[in-house]
Amino acid sequence: MDRCIVLVDAGYLLGAAASLLAGEPSRSRITVDHAALIQGLRERAENDTRQPLLRIYWFDGAPDRVPQPEHRRMRVMPRVTVRLGALTRSDGRWAQKGVDAAMHAELTELARNRACSDIVLVTGDGDLLPGMMAAKEHGVAVHLWAVQAADGDYNQSEDLVAEADERRVLDRAWITRAVCAKEFTGVCAPPPAPRPEIAAILSAPLPDSALAAAAERTVQEPPHPAAAAHNGTAERAPTTKGVPTPKDLAALRGPGPHQPQQPASATLRWSSDKGWVDRPVAEPPDAATMPTLAQLTTAEQRWADREEDITTVGGDPFEVGQVFARRWVERLGDQSHIQKLSAMYPRIPHRVDGELLRYAARFGLLAHKDDQIDERDRYAIRAGFWRELDQRTGTERAPAGE
């Protein structure tokens, strides 16, 4: 068949790009416009091979093979297929498992079935050499693409380079059309929309009440005498955490035209019993009658929700919170629940909050990142929920601390 196929090892492409632009192979150091990157790969492949594109295969790793937000966005792009291997952490470093084997299997299968006349490989791993040789034996032309190496380093197997029919280098100018270092201010991926709700939560200082409570606990719980006498030094007093909890944020809210006084027990519960959790004595009576989204959703709506999740919801934490809130509000029969919930800000009733976080987990959010649960994702999910609810009710909330 007179057409071309592109097989991309995302770990190699983005890792080498990060080394080139940011000085280290960590993908967290770069920002990627995946739509622009895919378009660039397609145009370059069609120009180099002089054949129309059949498909781009994007091979990447993900924890437990759960698609991450970028994978969800890419797999609904035209002529893009995402294949995921496992992403495991060992000795403090992330490593892909199964990606090379999947690329090898796809490469040999496409060549054996004569699905194309040209295959473009974007990789540097010598483990693909047998697959490249098998593809050539089936009459397929193999094009090998490299990313310009940083500081003169060589980032491709010499055996792959020797065996390829054609080789091209994606230089810095080409890479920076879709990828840039996070400190770089040039044109790359569009900047995220400003979200003052998240910034207010993360930047808000601890309220005086929280500092006073910490001081009171320190006075009531003096250090153990043995610990104080150890090496002649006193035990250090516990310090407060830098990022405020939702209860801390609630204490910052004062009476105002759009800020009803919150009860002292107001808090936003976490989905786990571990970590720092301040539980209220009891939820307000209205919280027990608040319906969950599952109770409001019919079987037909459930199918439509899954269809939307798969095809249009990218998986950004803020977006996930908004989608959940939109569905919940639109299906409420008793609109008085909206006003009751709005009066509980920033607290979400436990049964609704737990359902919100379980929904977010479908998108790979709330997973362990660097061995820690990403609390910022939780803030963003809940901030998205409140933003959508406020837009529906016309509520305006002043930034925290004002």
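The values are calculated or read from the model by the stated rules, or taken from the named source; none is laboratory data. Small disclaimer: the values here were computed from a predicted structure and weren't measured. In this analysis, Cβ positions are derived from the backbone assuming ideal geometry, glycine residues included, and neighbour counts consider all displayed protein chains.
So for the range 365-381 (the condition being at pLDDT 90 or above, more than 20 Å from Thr298 (Cα to Cα), within 16 Å of the chain's Cα centre (by Cα) and part of a helix (DSSP H, G or I)), does at least one residue qualify? So far as the range 365-381 goes, yes, one or more of its residues are at pLDDT 90 or above, more than 20 Å from Thr298 (Cα to Cα), within 16 Å of the chain's Cα centre (by Cα) and part of a helix (DSSP H, G or I). Evaluate the following for Met103: is it assigned by TED's automatic domain parsing to the domain that holds Ile175, part of a helix (DSSP H, G or I), under 17 Å from Ile56 (Cβ atoms) and touching an Asp or Glu at 6+ places or on another chain (Cβ under 8 Å)? Yes: the conditions hold for Met103.
Pull up the range 117-172, narrow it to residues that are in contact (Cβ under 8 Å) with a residue 60 or more places away in the chain and part of a loop (DSSP other than H, G, I, E, B), then point me to the one that is farthest from the chain's Cα centre (by Cα). Step by step, filter the range 117-172, then rank; the result is Ser117.
Every residue in the range 11-26 that is touching a residue at least 12 places away in the same chain (Cβ under 8 Å), of a type in the set (Gly, Ala, Ser) and farther than 12 Å from Trp174 by Cβ, please.
If the condition is that a residue be touching a residue at least 12 places away in the same chain (Cβ under 8 Å), of a type in the set (Gly, Ala, Ser) and farther than 12 Å from Trp174 by Cβ, then Gly11, Gly15, Ala16, Ala18, Ser19, Ala22, Gly23 are the ones that fit.
Of the residues making up the range 18-59, just one is at pLDDT below 95, in contact with an Asp or Glu (Cβ under 9 Å, 6 or more places away or on another chain) and closer than 14 Å to Val82 by Cα, namely His34.
Yes or no, residue by residue, for (1) part of a strand (DSSP E or B); (2) at positive phi; (3) touching a residue at least 12 places away in the same chain (Cβ under 8 Å):
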position: Pro78; (1), (2), (3): no, no, no
position: Arg89; (1), (2), (3): yes, no, yes
position: Trp94; (1), (2), (3): yes, no, yes
position: Leu110; (1), (2), (3): no, no, yes
